[in-house]
Structure formats: C-alpha cells, structure tokens
Amino acid sequence: MPLTMFACANCGFWQRHFSPPDCPVCTDVRNDLPEDGWRFLPEADVAATHDGGAREVAPGLWAFTTTPALGLAGTGWLIVREGGNIAFEAAPYYSQAMLDKIAELGGIAFLAASHAHGYGALFQLQRRFDPEVVAIQKDDLRMTKAFRVTVPYDDALELAPGYTLHHVGGHYEGQACLHDAPGLRLFCGDMFKIDQDADGRSTAISSHKAFHKDIPLTHAELAQYRAAIAPLEFDAVLTPFEYAPEVDRMVALAALDDGLARMPGVRRLGL
Ligand SMILES: [Zn+2]
Ligand SMILES: [Zn+2]
C-alpha cells in the first residue's frame, strides 16, 4: 500500500500512512475508542462523500465546516486581514469550493492550531496554500505527522503584530491559544468547553482534561491557564467548535477561579 492520507472515522484525525494500525487520538484517554473497531477512510472516499461551507460570523472572521459531520466535527477559523490571513484550527475536510473560497479571501499566510482535536484537515491547507509559518507548540509535535510544522515554539509566538500564540498546556501538553488583540478574541482551544443551545446561545462553561470521561484538570493546570490569559484583553472566545461572544475575560477567569476554589472536579457553570 502506498503512503496516503487516512481519516479516522471515529474522531476525524488524519494520518499519512499505508495502513494505520490505530488512531493516536482515540487510543488516548482524552477521546473514546470506536464501539465497533477501527475504520480509516482514504482521502478519496472522504472527498467523494463530504462537502462543506463557509460563513462570516463577524466582520473578517470566517468559519469553515464540513458536512456531513466528520469525526469531532470541528470548525476551521480564518481571520482575513491586511498583511496576511491567519488560519487557526481546521475543518475536518475542505471541498475544492471551500479551498477556492479561502483563495478568494486572500489565501493563508499563517497557519496554526491549538492541539490535535483542532487539527482537522490542516494538511490540506498546507498543501494548497503552503504558508511560510505553520506553528505548533513543541510538546505536541508528536501529533503532527500528517503535516509539516515549520515554526515550533516554546512559551509564546507572535504570528503577526497583535496576534500571539500562548502555550497553556493542561488539556493537552502542547495546547496553545491564539490571542487576537485587534479583534479582542481568544481562540482558546479546549481550555474551555462551551455548551450552546439550538440557537447557538452559550449556556454553560467548563474545563476538562478529558471531555468524554469528565476528567477534571488539576489546580496547577487551572492556575497555568489563568496565568496565561489574565493579562489578555478579550470579549469573546472561540473553541475548535463554538464561537462564544458571551464569554469575555471576566467570565473565563471566573470559571477558572471557581475550579481553583474547590476539590478538582468538572462543573458546568451556567452563563
Ligand atoms: Zn481517532
Ligand atoms: Zn481537545
């Protein structure tokens, strides 16, 4: 079998392989194993069965999603700006039309993701747009075999003036957030899980080491999140799944402080 791209049918994680023996995301405690064994979808099969679209959720901020849902069904964010667009996280798969839409919006100059649950089909964005900067925090490099990291970093990396990646760890060793200072937004990865109702209104906020198993973070991990985001101004957060304009800096810090004030445990705080 030649090397090709395969998506895990359970979580959507992509691997360049000849015959994936398993999926490193699903075998990890932070995701569930498939109920009925492994199924790996060659890229041609995914391309033939999936489509998707883009919508501008705020001026200059685009959300790319895949239909039908693939894996964890994340969202790829695109910040359209003078001086080069920034893509953070990626959709599970991009149709030709979706890639053409990104090209029409100016392509991608900077590409990054918070952690493996947000990688989606990041490899497609690198293949099509070949940005000089593909940035992943060094502790998560082991998860990046499907694409090529060009800029590994330690504690922080300024992608462009006002757009800075900060290592936060916790949920994943190398988890990072992207602070968008001009837009007052925090692309927070899975630092926070935001529950939303059918209309997309945020109803609760929580933090987890492992979402499916409800494993909480330790106090030191919560404190590390707090130290990283307390100096940042933001009035909205964006996870790899949700856009939550209801969660500003005060709400985010209050959720962390609640966790720090009691025995470690997952609690969904109402908004
Ligand atoms: Zn998987
Ligand atoms: Zn995650």
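The values are calculated or read from the model by the stated rules, or taken from the named source; none is laboratory data. Quantities reported herein were computed from a predicted structural model and do not represent experimental measurements. Ideal geometry is used to build each Cβ from the backbone, glycine not excepted, and the neighbour counts take in all protein chains shown. The area values use the complete protein model at the heavy-atom level, side chains included, leaving out ligands, DNA and RNA. Shrake-Rupley method; radii C 1.70, N 1.55, O 1.52, S 1.80 Å.
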Whole-number Å³ per residue for the convex hull built on Cα positions in the stretch 53-164 | 97 Å³
Run the quick spin-label model on L271 and V29: label points 7 Å from Cα toward the beta carbon, then report their separation in nm to one decimal.
-> 2.9 nm
Expected field for L253, accessible surface area in Å² at 1.4 Å probe radius, rounded to 10, holds 10 Å²
For M191 the rounded accessible area (nearest 10 Å², probe 1.4 Å, non-protein molecules ignored) is 0 Å²
Pair A220, A204: separation of 7 Å Cα→Cβ label points (nm) = 2.9 nm
Residue with peak Gaussian network fluctuation, the chain [Cα springs, cutoff 10 Å], from A252, A261, A87 = A261
For the chain, what is the accessible area per residue in Å² when the probe is 1.4 Å?
-> 43 Å²
Give me the percent of Cα-Cα pairs in the stretch 113-271 that sit more than 22 Å apart, rounded to a whole number.
-> 40 percent
Sum of side-chain charges, L61 neighbourhood, beta-carbon under 12 Å (Lys, Arg +1; Asp, Glu -1) | +1
Determine which lysines satisfy two conditions relative to K213: a Cα distance under 28 Å, and not lying fewer than 8 residues away in the same chain.
-> K138, K145, K193
So what J values fall out for the stretch 31-36 if you push phi through Karplus, 6.51 cos²θ - 1.76 cosθ + 1.60 with θ = phi - 60°, rounded to Hz, Gly and Pro as x?
-> 9, 8, 6, x, 5, 10
Mean separation of Cα contacts under 8 Å (at least 6 apart) over the residue count of the stretch 54-264, i.e. the relative contact order in percent, is 13 percent
Within the chain, helix-based [θ] at 222 nm, where runs of 4 or more DSSP H residues each add -39,500 (n - 2.57), nearest 500 | -5000 deg cm²/dmol
Taking the Cα centre of each part, how many Å lie between the stretch 153-225 and the stretch 81-128?
-> 19 Å
Per DSSP, the loop-located GluC sites (Glu not before Pro) within the stretch 50-119 having at most 15 other beta carbons within 10 Å are E82
Ratio of the Cα radius of gyration of the chain to 2.2 N^0.38 Å, where N counts its residues | 0.95
